[in-house]
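The values are calculated or read from the model by the stated rules, or taken from the named source; none is laboratory data. In this text the structure is predicted, and so the values were computed from the model without any measurement. We place every Cβ from the backbone using ideal geometry, glycine too, and count neighbours over all the protein chains shown.
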Amino acid sequence: MSLMVAFVGTSVETSRANVADSDAFRVRAAAQNAASIAIADIWGDFEAIAQGQEQLWRLRTHLESQGMSNQSEAVNPKGSKYIDSVGLAANKEGRFEIDGVEIERLDVYRVDNWDSTDIVIEVDAVTRRGKDGSTRERRSSIQEVFQIAAPEWDGLDYALLANNINCLLCHTNIDSAERFYNTNGMLAGSFDSVKVGTIESIHFRADPDSKVAGVMLIGADALLGDGHEISDWSAFNLEGAAPSAGGSVEKIMEDIFGNALYGGLDIFDPNSPSSSANMFLDFYENIDLTDYNLPTSFPSPFPDDGGYDPATGQPRTDLADNGVIDDTEFYSTVLGSNGKLAGGDISVIPYGDKIDRSNEWAAMKNGSDPSISGITQGNVYLHGTKNDPIILDGQVAIDGDVIISGYVKGSGSIKARGNVYIPGDVLYADGGSGTSRTYGMASDGTENSLAIAAGGNIVMGDYFHRAWGKGDPADGTTSGSFNFTMDELAIFNRMEWIKTQPTLPGKSEYIQTGEKTVEYPETTTERYQQEVPTYKWVPNGEKTKKWYYKNVTTSNGLPAPYTKTTTTRVKDYFVWVDKKVKVQSGTRKVWKTRTVNTGRMLTRIDPIMAWVTPQVDNPKYNSLHTPRYYSFSEDTKVPIFNKKGYFDPATEHWVSDERAGNDDGTWDTSKLTIANPDNTRDSILYNPDRTPKAVISSIGPKDGWISEEVMADVIHHALNGKPGGDKTFEVNATLYSANAIIGMTPGSDTNLTNGKLHVNGGIVAADVGLLAPMGTQVNYDGRGARALSITADSGLVITRRLSAPRMRQ
């Protein structure tokens, strides 16, 4: 009996404990639910005003307007009373409740980190009645922390990605570096297919010859170089990934010799979706039908959110979204960079120093600094040789421009605030060579991987090169060549200009614009006879040559796709024939007519005809868009290829000649609007109050720290140092810019390059303009994507970072 009593007593105490635990859980759950409701309310208010532009700096500005100031420097953060804002139900005593649990306090405050904002919600909750109906008070105080940050941008998983791709896919192969350099036959068919993408459109010449070992994702349309839509794909020698036996293109299929297998164009049909499709047109209209993702913008590697003031620790939202990399944005982004570059020839050129003399160039070329690490202020020159490569170790940040060429070894990334110049090869110091090359791995087992992000532009090869080998090198002025570089800048500038125009010129039409009354004399026609001489041809006793001709075809000597042929009629052979003279043989009478006035005047109504260019609504107009125009250097004007063309409202494309320059390398100013940064009355670049309304990005060195003459020598030096006489321009790196990646690999008028470009890594930029007339090879290397941390410039992600009990105050 005693034992039984003990068991009963234990059972009662256990039941009471279970009820108590249940009440404690209920109180805590109510507190957590209140916090969840509060964060949903805060986010909903912000989302309503953001209208799809959810950016961190906008969130911080909104929270500030709601009385939630940054508490990151506060020892005892002070929260804002938020319980009246969340819309909780009230009981009969007027107290807020969730599931019978009273919410006594709900305070909110924010803590800004350099790349995120924490919303801290503190809740006090109490219940005074247990689940069993007994009077029993249970309390819970919790702290919930929700972190809001921009998600990682996913555009770096593309081999080639741009807003618009112009010309590059004429003679190009896109592959996987991992597959391209694989020597293990057992891995055949195991390599992921690659992706090529354009957010807006892609332009093809009439004779593309390209292969993509994967898929092509086109945000809008595929066009010919002149802007007309492609109607007949069968005329194109363009191939994508071949499907596997299951119909998928997720892997690169290979033959028994390890060669990638390609298939003809399989254009995605939204009415009959297929996993074997390798080209997707109008991608955003069909995004829900595919497993692919295509970004919608190119974020700066230094987020344009204003950054942090290092003196106060407060965010500078007043500097956000201005299209400029401010000091606070640069240093907030690269804070914590602790990588190092050593070896080779390294020179840091301090702000204000100029390299414009041969002795200064020689000193820079020989290297003045043994290494750089962390964050470096100034412009940096890097050149490595096979025996003395640049040693990469982690992430370094450069507050200036960078020139890099030659051999590199190790793994690292370079984030430059300014432009990055790649005048010649950038090669991994890999083991082996040729077909036995151990790609991405040195002989001593060191992994080789480089990623480069530029806040400005990435300029490759000889961007001064004369157009078609004629005239002077390009310098951004009308006296220099309007070469490929200038053509691309003018086209990119047109794309920005279009976004600023509410209406655009349509196709000109010759139409009636009015009527006019015309007075004219009445006439009549009369016939009359006239005697005219007759003639005949008679030999005069002399001989003359009669020539026979043939057609001869000649070429302009330029590489494809710029080859043009001309057919000329030339003399072939002759025979001697009688020479004849014309002599009169007699006369004859003929009837003729003539018009004579009757003496009366008549009137008629004639139409007034004229060439009229209509203005059509522009669906691409964005009143909030701050355009970014390109110039060749900081002291040259901005060419915009927006004349002698028109906007087609049916296709929503600009239609014009393919090139803005003349074939002889001179400027065709009849096709260009030339904006002047020095003229504050220029309506393209300045507001009526003379404040800037556009950002200008120069591909030339900032503040002219290195002269064009010396830069030309740098390019010649880098190209002249190519190993083993190989004239293919090769770059081993993942390249990223929110602006332009531009450059050229001449195939003529030089003995340094052969017109071929080879990139192992990736080419990702808002505007890509690369000319390699003899062909381009791009092999995607996913390691570069992992080395660069680029966050999306719109869209935010909320994560519950902490949920913990809290001591009541």
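Remarks
- Only listed residue being modelled with pLDDT under 95 and touching an Asp or Glu at 6+ places or on another chain (Cβ under 6 Å), chosen from Ala772, Ala785: Ala785
- Test: residue in the range 81-101 that is of a type in the set (Val, Ile, Thr), outside any loop (DSSP other than H, G, I, E, B) and over 42 Å from the mean Cα position of the chain (by Cα): yes
- Among the residues of the range 190-219, those that are at pLDDT below 90, of a type outside the set (Asp, Glu) and not in a strand (DSSP E or B) comprise Arg205, Ala206, Pro208, Gly219.
- Unmet criterion (only one of (1) within 30 Å of Thr183 (Cβ to Cβ); (2) in a strand (DSSP E or B)) for Lys386: (2)
- Extreme residue, surrounded by the most Cβ atoms within 10 Å (Cβ to Cβ), among residues of the range 334-380 that are of a type in the set (Gly, Ala, Ser) and in a helix (DSSP H, G or I): Ala363
- Within the span defined as the range 490-498, one or more residues are under 57 Å from the mean Cα position of the chain (by Cα), surrounded by 13 or more Cβ atoms within 10 Å (Cβ to Cβ), polar (S, T, N, Q) and modelled with pLDDT of 90 or more.
- Residue within the range 472-481 that is aliphatic (A, V, I, L, M) and at pLDDT 90 or above present: yes
- Of all residues making up the range 373-400, the number that are touching an Asp or Glu at 6+ places or on another chain (Cβ under 6 Å) and either aliphatic (A, V, I, L, M) or free of Cβ contacts under 8 Å to residues at least 60 places away in the same chain (or both): 1
- Candidate set from the range 54-71 (those that are in a helix (DSSP H, G or I) and of a type in the set (A, V, I, L, M, F, W, C)); member that is nearest to Val120 (Cα to Cα): Leu63
- The set of residues in the range 447-462 being under 24 Å from Arg417 (Cβ atoms) and at pLDDT 95 or above consists of Ser449, Leu450, Ala451, Ile452, Ala453, Ala454, Gly455, Gly456, Asn457, Ile458, Val459, Met460.
- Ala474 in contact with a helix residue (DSSP H, G or I) (Cβ under 9 Å, 6 or more places away or on another chain) and over 24 Å from Pro350 (Cβ atoms): yes
- Qualifying residue in the range 110-123 (condition: closer than 20 Å to Ser36 by Cα, of a type in the set (A, V, I, L, M, F, W, C) and outside any strand (DSSP E or B)): no
- Subset of the range 55-79 that is surrounded by 15 or more Cβ atoms within 10 Å (Cβ to Cβ) and of a type in the set (Ser, Thr, Tyr) - its residue that is farthest from Asp23 (Cα to Cα): Thr61
- Residues of the range 62-79 include none that is assigned by TED's automatic domain parsing to the domain that holds Ala40, within 49 Å of the chain's Cα centre (by Cα), under 17 Å from Asp45 (Cβ atoms) and β-branched (Val, Ile, Thr).
- Scope the range 657-689; condition assigned to a helix (DSSP H, G or I) and either in contact with an Asp or Glu (Cβ under 9 Å, 6 or more places away or on another chain) or acidic (Asp, Glu) (or both); matching residues: Lys671
- Those residues of the range 366-421 which are under 20 Å from Lys354 (Cα atoms) and in contact with a helix residue (DSSP H, G or I) (Cβ under 8 Å, 6 or more places away or on another chain), in sequence order: Asn379, Tyr381, His383, Asp399, Gly400, Asp401, Ile403, Arg417, Gly418, Asn419, Tyr421
- Looking across the range 150-171, the residues that are in a strand (DSSP E or B) and either at pLDDT below 90 or not assigned by TED's automatic domain parsing to the domain that holds Gly227 (or both) come down to Glu152, Asn163, Asn164, Ile165, Asn166.
- Scanning the range 401-434 for residues that are in contact (Cβ under 8 Å) with a residue 40 or more places away in the chain and among the polar types (S, T, N, Q), we see that the one that is surrounded by the fewest Cβ atoms within 10 Å (Cβ to Cβ) is Ser411.
- Qualifying residue in the range 548-563 (condition: modelled with pLDDT of 90 or more, more than 30 Å from Gly747 (Cβ to Cβ), polar (S, T, N, Q) and assigned to a strand (DSSP E or B)): no
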